[in-house]
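Here the structure is laid out as structure tokens; the discussion comes afterwards.
The values are calculated or read from the model by the stated rules, or taken from the named source; none is laboratory data. Small disclaimer: the values here were computed from a predicted structure and weren't measured. Every residue, glycine as well, gets a Cβ built from its backbone with ideal geometry; the counts of neighbours run over all protein chains shown. For the accessible areas, the whole protein counts, side chains as well, though only heavy atoms, and no ligand, DNA or RNA atoms are used. Shrake-Rupley method; radii C 1.70, N 1.55, O 1.52, S 1.80 Å.
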Amino acid sequence: MKKIYSLFALMSLFMLSGCSVYNFTGTGKIDAKTFQVNFFQNNADLIEPGIDRQFTLALQDLIQNQTNLNLVSNSGDLVYEGEIVDYRTTPMTATAVTSGGDVGAAQNRLTIRVQVRFTNKKKETDDFEKSFEFYYDYPGATLPTGAILNTAIQTIFERITQDIFNESLAKW
């Protein structure tokens, strides 16, 4: 019986030794100590005031919450920079023709696309330039203002920032 326990313990040791460093956010070992997120300018044709600041802060917050990296304003080991390149609303589905002959949108979609340049000063092979995009659908009878706009932007930025995090640090 003692031999079985010894064999089991030895097998467990070998199986666990193959595992690398892992944490609950999905990142492996990060050689960097600091990161910086430069201001993401809004260069979209249609400008929504304040979303450039909201996006920059959302990306900073996500990285701070999911890593132990320190945020710095310059000379970061990891650098995130870029711009918001597209902000648009498009009709997704049409309503039936009304008695007045009008056709409207039953559903609209707000789409935001962000161009990101990521630089890892510790491991240049991780560098990339890529665009990230997501959308939010809302009823066609409403305008994207107030609570609807806030929910839409928050939903879109949560997805885009998580995608950027996964691409740069989680490697998913």
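Filtering segment 145-168 to residues that are aliphatic (A, V, I, L, M) and either part of a strand (DSSP E or B) or more than 20 Å from A32 (Cα to Cα) (or both) leaves A147, I148, L149, A152, I153, I156, I160.
Pairs meeting the criteria (first residue in segment 152-167 and over 14 Å from D52 (Cα atoms) and open to solvent by 30 Å² or more (accessible area, probe 1.4 Å), second residue in a helix (DSSP H, G or I) and hydrophobic (A, V, I, L, M, F, W, C), beta carbons under 7 Å, at least 6 apart or on different chains) are Q162/L62. Take the conditions (1) at pLDDT below 95; (2) assigned to a helix (DSSP H, G or I); (3) surrounded by 11 or more Cβ atoms within 10 Å (Cβ to Cβ); M15 misses just one of them, which is (3). Quick one: would you say L57 is over 29 Å from L110 (Cα atoms), under 19 Å from the mean Cα position of the chain (by Cα) and either open to solvent by 50 Å² or more (accessible area, probe 1.4 Å) or modelled with pLDDT of 95 or more (or both)? The answer is no for L57.
The residue of segment 97-130 that is modelled with the highest pLDDT, among those that are open to solvent by 70 Å² or more (accessible area, probe 1.4 Å) and among the hydrophobic types (A, V, I, L, M, F, W, C), is V103.
Selection of segment 115-144 for residues being within 17 Å of N38 (Cβ to Cβ) and of a type outside the set (K, R) yields Q115, V116, F118, T119, N120, D127, F128, E129, S131, F132. Total residues in segment 25-47 satisfying the condition of being at pLDDT 95 or above and touching a strand residue (DSSP E or B) at 6+ places or on another chain (Cβ under 6 Å): the figure is 10.
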